[in-house]
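Student: Okay, handing you the structure first.
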Amino acid sequence: MNLLLLILLAGELRFALHDEPKTTDPLLMADESAEAIRYLTEGVLIRVNRLTQKPEPELATSWKISKDGRKIVFKLRPGVVSSEDVVKTFRRLLDPALHSPIADTFKTDKGSVMVTAQDPSTVTAEFPAPTASIEIMFDQVAIGSGLGPFLVAERKPGVSILLKRNPAYWKRPLPVVDSIRIDIEQNRDLELLRFTRGEIQLIDKLAPDLYDRLPAGTAVDAGPTLDSEFLWFNQAKRAPIPERTKEWFRSTAFRRAISMAIQRADLCRVVYRGHATPAAGPVAPSNKLWSRAGLIPERFDPAAAAKLLAEDGFGLHNGVLRDRGGNAVEFSIVTNAGSKTRERMAAMIQEDLSKLGIKINIVTLDFPSLIERMTRTLNYEACLLGLVNVDPDPSELMNILLSSASNHPWNPAQKTPETPWEAEIDRLMLAQAGTADYRVRKKNFDRVQEIMREQEPVIYLLHPNSLSAVSKQVIGVKPTAFFPHTFWDAEHLSVSKPAGGG
């Protein structure tokens, strides 16, 4: 590539995140916005190519897995990262005082990983039991700092984050673009308007109702994602909500009745304009290796839902559903402000449940406040949210499904499982993570999906398609169905300057 062409293609890549990153600590990042920043700025030992889904060398030049699947030995990139850097990272990651959601991935039923230095450029990660997909797990752990293609140059909370090309980046050539400007933009309509004006050049997760409004040649549907949208009820004993409400939420019959009363097909058709699939559980049908064959979404059957509620002691009186104590069934669903998709889903769920005599209040919160309630104060009743699944492997869900996990939605950070079925999920998830035998893992994880379907602590609603917008100015974008959908290869993207040099 000649110098003139490089100058014409150098410039600033611009797109938006829909929420402020909750944290800047790469070992604590769990929300989607924070993960996007981590992806662009941090270095990892192995990176899973989002297009091929195959692991590729990064800070590790090579790796070797033992025959028993218990140990992986990394050869590190000389002069870039040392074994001491890796050991320090994992020591901090696994410190219980840190409460890192990523640490749950490195646990088995027999303990946690042990990372040791063999020499300055060789490090060993040894698990107490055989571990499946062992190399893929290291895609999410940022080693040290300043080892990614871009650096955070400026941060204006609630407004924007400016990333600059990292001049010390170990790869050559360096990224083509000089910088990436990331705006915090919750208003999806304004995001689309800014895209059509050329103020931003990518929309990584496009709201489905805006898809048909894109300029010709800029809309991309990359097909079904592994992501899911779901509703859950707060079952935590320490939650500051009425005891009668917790009693409803702890009832499997109540949860299943709610699930039966929600018309998933309508959510896909109306809210997602057909760019989504009804969900039966945490694993999308597009995940061919791990989805449970024959598991189908809860059928839409309001009559069966009403019967199930009646059998559980609920009754309809003058159009109002009441529990056996005579209390009207009413609760609030919280979701993140600025997401028209979730707000519309909540409104449709509100309408569906009103036919059972249930009153739903919809509460929208800014994302930091929502996370605060979910993980710290537990001051909410039900929540409508989604999960971005980067890795199709079951171990990706350890920090969601383990009862001890801080991100266990309905009852986080349990010291011991509070229900027999949660204890069974714990056992099965740790067992599947503790073997490299696909058949054994599949059997265990199939049963996990069955339990989630039977108990419905989380009411899985749908799996959305990967919808994105790509400006004709941006060269090299290869949209995928996996996060991040458009900028996963940002270091190789280029931006052509518009005619006239603007």
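Student: Of the conditions (1) at pLDDT 95 or above; (2) open to solvent by less than 50 Å² (accessible area, probe 1.4 Å), Ala265 clears all except one; give me its number.
Tutor: (2)
Student: Can you pull out the residues in the stretch 304-314 that are free of Cβ contacts under 8 Å to residues at least 40 places away in the same chain and not in a helix (DSSP H, G or I)?
Tutor: Hit for the stretch 304-314 is Gly313, nothing else.
Student: OK, next. Residues being open to solvent by 10 Å² or more (accessible area, probe 1.4 Å) and more than 12 Å from Leu378 (Cα to Cα): count how many of those fall in the stretch 234-247.
Tutor: 4
Student: Among the listed residues Arg344, Arg292, Arg299, identify the single one that is open to solvent by 50 Å² or more (accessible area, probe 1.4 Å) and free of Cβ contacts under 8 Å to residues at least 60 places away in the same chain.
Tutor: Arg299
Student: Among the residues of the stretch 439-458, which ones are farther than 13 Å from Arg292 by Cβ, in contact with a Phe, Trp or Tyr (Cβ under 8 Å, 6 or more places away or on another chain) and of a type in the set (Val, Ile, Thr)?
Tutor: Val458, the sole residue that qualifies.
Student: While we're on this one: Restricting to the stretch 154-185, name every residue that is hydrophobic (A, V, I, L, M, F, W, C) and open to solvent by less than 60 Å² (accessible area, probe 1.4 Å).
Tutor: If the condition is that a residue be hydrophobic (A, V, I, L, M, F, W, C) and open to solvent by less than 60 Å² (accessible area, probe 1.4 Å), then Ile161, Leu162, Leu163, Trp170, Leu174, Val176, Val177, Ile180, Ile182, Ile184 are the ones that fit.
Student: Residues in the stretch 416-465 that are part of a helix (DSSP H, G or I), under 22 Å from Lys237 (Cα atoms), open to solvent by less than 10 Å² (accessible area, probe 1.4 Å) and touching a residue at least 40 places away in the same chain (Cβ under 8 Å): how many?
Tutor: 1
Student: With the structure loaded, tell me whether Arg213 is free of Cβ contacts under 8 Å to residues at least 24 places away in the same chain and surrounded by fewer than 22 Cβ atoms within 10 Å (Cβ to Cβ) or whether it fails that test.
Tutor: Considered against the rule, which asks whether it is free of Cβ contacts under 8 Å to residues at least 24 places away in the same chain and surrounded by fewer than 22 Cβ atoms within 10 Å (Cβ to Cβ), Arg213 comes out as yes.
Student: Go through (1) open to solvent by less than 40 Å² (accessible area, probe 1.4 Å); (2) under 26 Å from the mean Cα position of the chain (by Cα); (3) farther than 23 Å from Ile37 by Cβ and name the single condition Ala129 misses.
Tutor: Going through (1) open to solvent by less than 40 Å² (accessible area, probe 1.4 Å); (2) under 26 Å from the mean Cα position of the chain (by Cα); (3) farther than 23 Å from Ile37 by Cβ one by one, Ala129 breaks only (2).
Student: So is Leu397 within 24 Å of Asn465 (Cα to Cα), in a helix (DSSP H, G or I) and in contact (Cβ under 8 Å) with a residue 60 or more places away in the chain or not?
Tutor: yes
Student: Tell me the residue from Ser468, Ser494 that is under 21 Å from Asp391 (Cβ atoms) and touching a residue at least 60 places away in the same chain (Cβ under 8 Å), please.
Tutor: Ser468
Student: One residue is enough: does the stretch 315-333 have a residue meeting the conditions part of a loop (DSSP other than H, G, I, E, B), surrounded by 19 or more Cβ atoms within 10 Å (Cβ to Cβ) and out of contact with any strand residue (DSSP E or B) (no Cβ under 7 Å at 6 or more places or on another chain)?
Tutor: yes
Student: Are there any pairs with C-beta distances below 6 angstrom linking a residue in the stretch 152-172 that is more than 19 Å from Phe15 (Cβ to Cβ) to a residue that is β-branched (Val, Ile, Thr) and not in a strand (DSSP E or B), with the two at least 6 apart or on different chains, and if so which?
Tutor: Here the result reads Trp170/Val80, each pair linking the stretch 152-172 to a residue that is β-branched (Val, Ile, Thr) and not in a strand (DSSP E or B).
Student: Moving on. Based on what the data block shows, is Leu384 in contact with a Leu (Cβ under 8 Å, 6 or more places away or on another chain), part of a loop (DSSP other than H, G, I, E, B) and either touching a residue at least 40 places away in the same chain (Cβ under 8 Å) or under 28 Å from Thr225 (Cβ atoms) (or both)?
Tutor: no
Student: Could you list, in sequence order, the residues of the stretch 278-289 that are modelled with pLDDT under 95, in contact with a strand residue (DSSP E or B) (Cβ under 7 Å, 6 or more places away or on another chain) and either closer than 13 Å to Pro464 by Cβ or open to solvent by 50 Å² or more (accessible area, probe 1.4 Å) (or both)?
Tutor: Once the filter is applied, which keeps residues that are modelled with pLDDT under 95, in contact with a strand residue (DSSP E or B) (Cβ under 7 Å, 6 or more places away or on another chain) and either closer than 13 Å to Pro464 by Cβ or open to solvent by 50 Å² or more (accessible area, probe 1.4 Å) (or both), the stretch 278-289 yields Ala284, Pro285, Ser286.
Student: Hey, another quick one. In this structure, does Glu372 turn out to be part of a helix (DSSP H, G or I), more than 30 Å from Ala132 (Cα to Cα), open to solvent by 40 Å² or more (accessible area, probe 1.4 Å) and free of Cβ contacts under 8 Å to residues at least 12 places away in the same chain?
Tutor: yes
Student: Being over 14 Å from His18 (Cβ atoms), in a strand (DSSP E or B) and small (Gly, Ala, Ser) is the filter here, so list the residues in the stretch 139-196 that pass it.
Tutor: Correct list: Ala153, Ser179.
Student: Looking at the stretch 448-458, can you tell me whether even one residue there is of a type in the set (S, T, N, Q), within 30 Å of Ile262 (Cα to Cα) and modelled with pLDDT of 95 or more?
Tutor: The answer is yes, given that some residue of the stretch 448-458 is of a type in the set (S, T, N, Q), within 30 Å of Ile262 (Cα to Cα) and modelled with pLDDT of 95 or more.
Student: Could I ask something else about it? Could you list, in sequence order, all residues of the stretch 62-102 that are touching a residue at least 60 places away in the same chain (Cβ under 8 Å), more than 17 Å from Val44 (Cα to Cα) and open to solvent by 60 Å² or more (accessible area, probe 1.4 Å)?
Tutor: Passing the criteria: Ile65, Asp68, Arg70, His99.
The values are calculated or read from the model by the stated rules, or taken from the named source; none is laboratory data. No experiment lies behind these values; they were computed from the predicted model shown. Cβ sites come from the backbone with ideal geometry, for glycine too, and all protein chains shown count toward neighbours. Just so you know, the surface numbers come from the protein's heavy atoms only, side chains and all, with ligands and any DNA or RNA stripped out. Shrake-Rupley method; radii C 1.70, N 1.55, O 1.52, S 1.80 Å.
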